[in-house]
Structures are given as C-alpha cells and as structure tokens.
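> This is the structure I have questions about; it appears just below.
The values are calculated or read from the model by the stated rules, or taken from the named source; none is laboratory data. Model, not experiment: these values are computed from the prediction. Don't worry about glycine lacking a Cβ; one is built from the backbone with ideal geometry, like all the others, and counts go over all protein chains shown. Calculation scope for accessible area: heavy atoms of the full protein, side chains included, ligands and nucleic acids excluded. Shrake-Rupley method; radii C 1.70, N 1.55, O 1.52, S 1.80 Å.
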Amino acid sequence: MRSSMIRTLRPAAVLPALVVLGFALAAGPAPAQEPLKYHDQAGLTKALQGLAAAHKSVTRLESIGKSGEGRDIWALRIAGAGPVAPDERPALLIVAGLEGDHLAGSEIALAAASDLLTKAGSDPAVRERLAGATVYLVPRVNPDGAAGYFAPVKAGRRTNAAPRDDDNDGRLDEDGPEDLNGDGLITVMRVKTPGGEYMIDPDEPRLMKRADPKKGESGAYRLFLEGRDNDGDGFINEDPPGGVDINRNFAHDYPYNKPEAGPHMISEAESQALMDWVLAHRNIAAVLAFGESDNLIVPPTSAGRLGPARELDLVRFAEASAAGARTSGFIQTGGAMGGRGGRFMGEFSIDMLLGGGGARPGARQDSSPRRLMPDRKPATTIAAADYDYFKAVSDKYVELTGLRQPLFVREPQGAFFQYGYFQFGVPSFSTPGFGLTTVEPSPGPRRMGQAPPGAGEGSPPGQGGQAPRPAPGGGAGSTVVIPVGGQDFIQAFQSGGAFRFGQAPTGASAEAAPLTPGIDKQVLKWMDAEKIDGFVPWTAVRHPELGEVEIGGFKPYAVTNPPPAKLVGLGASHAEFALHLVSLFPRVRVAGFEAVGHGGGLFRLKAEVENAGFWPTALAHGVTARAVKPTMIQLGVDPGAIISGSAKTSFLPTLAGSGGRAAYEWLIKGKTGETVELLVRSQKGGSATARVTLK
C-alpha cells in the first residue's frame, strides 16, 4: 500500500483566516500560528459568521432550528447577483454533521464553501454559475452529538443527546460507559472466558476474530465496550447517554424498532428542523450529504444497489454483547417477574398490545395483529432509468477527488440522502468526504455459494464487473451480527438460573458469523502507513465485576475522522465538485416560438421547449414518486382564444436533458400587432419566457 492513502490534492486558494482553523487547502504544512483542528460549536459558528461577514453581498446566514440542547443548526446561503431571487433558483443543498461522530464532513463542507466564495470573487466562470443557481450549506445537523468529540472522555457517540430508554426498562440513560483505564477514551474490553466466542487473531495480534470450530479454532474471550453493569441487569453499556442517530431518522427506509432510530420518523428536533426547512425550499434540485454512507466513491450497481458496508468487527463484536437488551417489546412491570431489571421478557410483546389480544369497545374485530412496521418495504434501489446519471456523477467525483475506496461506511437506513432521492425526488448523493486513493482486495472469503457483489446484475466497473475501474473491497454485502448475551439473559430469567456477562446464545458458532470480516486489518494497515495514532494497545485492568480484563482497541472517532491534516485539499476538490453538480441542473428555455397568420384573425403558433441542462427536469423516480412538479408550458392568451391544438396550459412530467425538446402548437384568434407570451416553468430547472408578435 502506498504511504499516502488519504489524498492531498493540488494547491488551491488560501482560506480566510477564520476558516483556516479547520483546513489548509494548499498542499504542504499548515501555518504554524493556526494549526489544523476540528471545530467545536463555537468555532463553527465563528467560522460561518466570518464567511458571511466577508462575503455579505452573496451570503446569508440563518439558524434553521435548535438542537435538543439548544445549539443552533446553521444554514449558509451562497448566491450571486442575478435576475431571479436566490430562493427561486435551482439550488444545491450540502448537508453534513448528521452523525455525531462524523465531524470530517462538516470540515470539508465548510472548506468547500470558503473556496466557492473565494473563487466567486476572482473567477468569472464561478461568478456566472452562482448568478443562476444557489448553494445552501447546513454544515452540522447534529451539534449535540458532535459535542462528544470535544468531551473529556470520548465515547464516539453517533447519536444526539435526547434521553432514550435503550434497554426498555423504564429508565433513561442509566448504563453508560466508564473510562476504567483513565485514558479519556472508551474502547473495548476483552475478558478471558473458557468457551468464549472470540480469539486473538493470529495474523494480527491487536485484533480479535470469532473462533470457527469447523476450523479447529477455540474461543477464549468475551468482548464488551469499556464500562460496568451499572443497573445490574446483566448487560454492560446497554443504555448509554443519548439518543437518536439523526441519519437513521428520516422518512425513507426508516428502520422501525431498531436501536438509535428514534421512536418514529422525524422524531427529533434536529431532523424536524432540517425537514421543515427543506420542504420550504422546493427549489432544491440536488442534495450532497457528507456522512457515513456512500454512493459516490463506489457508484450504485446497474441494478441500483449501493456498495457494501465497511465496518469494524472489533466494535461490532463488543456492541453485540448488549444487543439482546435492546430488543423491542420489553415491558416494565415493577413486579418480581421482572428480575433485577424489572422487566417481563416472556412471549408478551408490544405487537400483542396493538393486535388482536384485546380490542377496544366498539372496535372492529380483526384477527391479524397491527404491526409496528409496514408490510410493503420501500424502494431502496436506484431506478434503472436514473442509473446513468448516478454513474456519471460518481465518475466525476472520483476524478476530482482521487478517492477510490471509502474507509468506513454503513448500510443506509432512514438516511437523509435516501429521503432526498426516494421522497424529495432529486439527484441525491452521499459520501464520507475522504477515503483511500488505492483499492484494497476483499478482506476475507465469502461463504460457500455466496455470490460476489452485483453478480448477475450486469455490474458496472467497481462492483464486480469488468475493469478499468478496480473493484472495491469491503465484503459481500450487508453484515449479519448475531446478538451475544441477550437471549441467555432471557433464558436465565425464565429458568430462574443465574446470568453471566455475555454468555453466548445456544448454538452460536462460526456459522452465525458475519458473511465477510470487517475492515479492521485494512484500517490498521492504513493507520500504520500514515503514522496515525488510532489504536490503544491492550492493557490489563482490574474490573470491579469481571475481575482481570484487558482494555484496548480503536480510538473513538479515529476511523470516521482522520487527523485534520489528512483532509488537506479536499475542501477545494469538493468545491469543484459542487460547481459540477450545479452545472448539471436542468435548464429550461424556449428554443423556438413563431406565429404564422392565416387571415381572418387566425394565427398558428408553434413552440419548442428545450432542456439545455444535463439532468432531466425530473428523474424517473421523481416522476414515479410524484415528488417533482411537472414542467408547465403556458400560452399567455385567454382560453377562449384557442381554437385547436395544445391546451393553454400543458404539463410535462419530465423533459430529457442534453437538448431534449417538446413541441407545442396552437391555432388561435387574435389581432395583428398583438404580443403573445409563452411561459415555461420547471420546479428544478428554472423558468423561461418568449414573446411573439402576431403578423
């Protein structure tokens, strides 16, 4: 592997002083007096206010809402002087900071905005582009979650600060992590246990792997997140402070009943603020989200599927120890049946409460239970007719950024960029904003008979198809993590037996292991090559309940937020990419409009309407979802003046880009010398008018 895997790009314009705190876009070391660092909320606010003050004529800064703890959610509007009001022009929305542990996206977005504003003052081409379009920037949607990065003890929290009963025991945030070794970091505990599921990886002693009995491997360890069993229910860290993962809380593919998804869609102050603002800005024609999902570095397959998730096994193994405590349907009883945690955990469930187990007086009897999630699953694949647009944008992104493989990405569920495409109906993209400039091979074999990603789907390059683009690594699709501990707690309770921390479920074996290993080895290789201090060596510590344990593992934030110096140059490349997206907007115009007199006050009008932009006025899925208004073509005469031909007002569901045209014709009654106007209005492609004089 090359030593420089996070790319440093060519030199670019120097940022204003207030923003250079977070970025130095020119290649080379940062100025000694202003070392690179991530912005806390006060620093981010100061940087945004500095940009707005330095570029008053083209910016507007506003707070679009408050987080649960009262922090501002800022939106910066960038728009040059032009004939159309900024909020009526086609616009690009850039959103970052949805996940609390992903600050890198906020910094890249902030630097990109600064670069755009700098170039707008010196580059006529950029100035012209911003005179016809608008860029909105919401750099940190989850400021409460981001605050954890600056806390004395760093836990890597992804969620907001809303108190949640994660283990369904009627109490809030009562079992969070503790810094047992005093290093200011919450990492992983490994506990020697005969018959444990995990073993030290013989190829990389810093890592753990699930033992496979079929290969003669014997497990000797249990894994937990660093902490204690504060509430005495047999689980460790199953109910930490916070919260809701904002990028799991939006109204598409919402993960019902899943941890950190929230009680319902758009349940949080942060997601509600963003949604209210977006719905008030229907001129948004494209979305670029910085987050822990990706459809840019690795494009969707030709079947519309996204690339595989790339996560850390060590973290997943530790988190799995508490998964059983977070099962939906635990009911607080307050009686002896609830055991130490005060919960009834038999066959009784929320579904029974909502279903046929007891109807309200006068209610219609229904033998089928009401469900907490819909029977019909939402679409999660890109429409076939839209694929080429996403592939072309991905190719340009890779060209501009040099990124070939994301480092860490999750499978999206309820993500904002999913809402942007599937519900709002516009081209919507997501990227971590940084990654690898080389492509690593798959970290491990698939199960027997497991097809490679995209097999049989006509996969494009980069998804198991033919070169020239190298196939990304990272596994063969979604990872299945089997909970450790929860089922045994239930069984121990039901049988009256004692529960031991993290005891494996009956029958658990390597067969239940993830389909492919995580990216742990690749990340360690990257950290070693880049000299990144991102891993805590295992150190023995005396645990108050478990006895002798070892604590170590990946540092919180180290994988989702590389050292700021590793992000140098990415602000400039993403500013260029943002301008590229703006250049793709649909642009309606009247290509031709003429009148021919036939005598007796009769005139034949002919018009051609053209889309001069690259994207259609509505993507195929935007039409299917009816999320984008049809393009309106309206002739400026009284309806009674039209004798035959097209209607006074016609609606076109979509008009193809790159010169796509639609023709209209009317026979009207009129007077010689009269002027007739034609109006074309597209929700995402602007508007145009043309006039003709009757002769």
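> Sort out for me the Cα centre separation of the stretch 39-101 from the stretch 268-331, rounded to whole Å.
When both Cα centres are located, 22 Å separates them.
> Could you tell me what percent of the accessible area of the stretch 101-216 is made up of carbon and sulfur, with a 1.4 Å probe and every protein chain present?
Of all accessible area on the stretch 101-216, carbon and sulfur atoms account for 53 percent.
> A follow-up question, please. State the extension gain, in nm to one decimal, for the chain segment bounded by Q272 and A663, taking 0.36 nm per residue of separation less the distance between their alpha-carbons.
Stretched fully, the Q272-A663 segment lengthens by 136.6 nm.
> Starting from 0.36 nm per residue, how many nanometres of slack lie between K396 and K258 once their C-alpha separation is accounted for?
Once the chain is fully extended between K396 and K258, it gains 46.2 nm.
> Separate question: Would you please put 156-162, 582-588, 634-640 in order of how densely packed they are, using the mean number of other Cβ atoms within 10 angstrom per residue and starting with the highest?
Result, highest mean first: 156-162, 582-588, 634-640.
> Name the lysines eligible as straight-distance cross-link partners of K648: C-alpha to C-alpha under 20 Å, and not fewer than 8 places from it in the same chain.
K606, K629, K669, K671
> Just how much of H580 is accessible, in Å², when a 1.4 Å probe is used and the result is rounded to the nearest 10?
Probe radius 1.4 Å; accessible area of H580 about 40 Å².
> Rg and Dmax of the stretch 100-204, Cα atoms, in Å?
Using the Cα atoms of the stretch 100-204, the pair Rg, Dmax is 22.3, 70 Å.
> Ordering M265, M208 by how much accessible area each has at a 1.4 Å probe, largest first, what is the list?
My answer, sorted largest first, is M265, M208.
> Between the stretch 637-672 and the stretch 120-162, what's the alpha-carbon centroid distance in Å?
Each part's Cα centre sits 44 Å from the other's.
> So which lysines can K66 reach, going by Cα to Cα under 19 Å and dropping same-chain residues fewer than 8 places off?
Within the straight-line cut-off, K66 pairs with K46.
> Then there is this: Read phi for every residue in the stretch 158-175 and hand back ³J(HN,Hα) as whole Hz from Karplus 6.51 cos²θ - 1.76 cosθ + 1.60, θ = phi - 60°, with x for Gly and Pro.
In residue order, the calculated couplings are 8, 8, 7, 9, 5, x, 9, 8, 5, 9, 6, 10, x, 10, 10, 6, 9, 9 Hz.
> Estimate the FRET efficiency between Q634 and D123 by the formula 1/(1 + (r/R0)^6), using the beta-carbon distance for r and 30 Å for R0, to the nearest 0.05.
0.25
> Quick check on packing: order 388-398, 108-118, 546-556 by the mean number of other C-beta atoms within 10 Å, highest mean leading.
108-118, 546-556, 388-398
> Work through the residues other than L223 whose Cβ is under 13 Å from its Cβ and net out their charges, Lys, Arg +1 and Asp, Glu -1.
-1
> Once each part is reduced to its C-alpha centroid, what is the distance from the stretch 172-234 to the stretch 589-610 in angstrom?
76 Å
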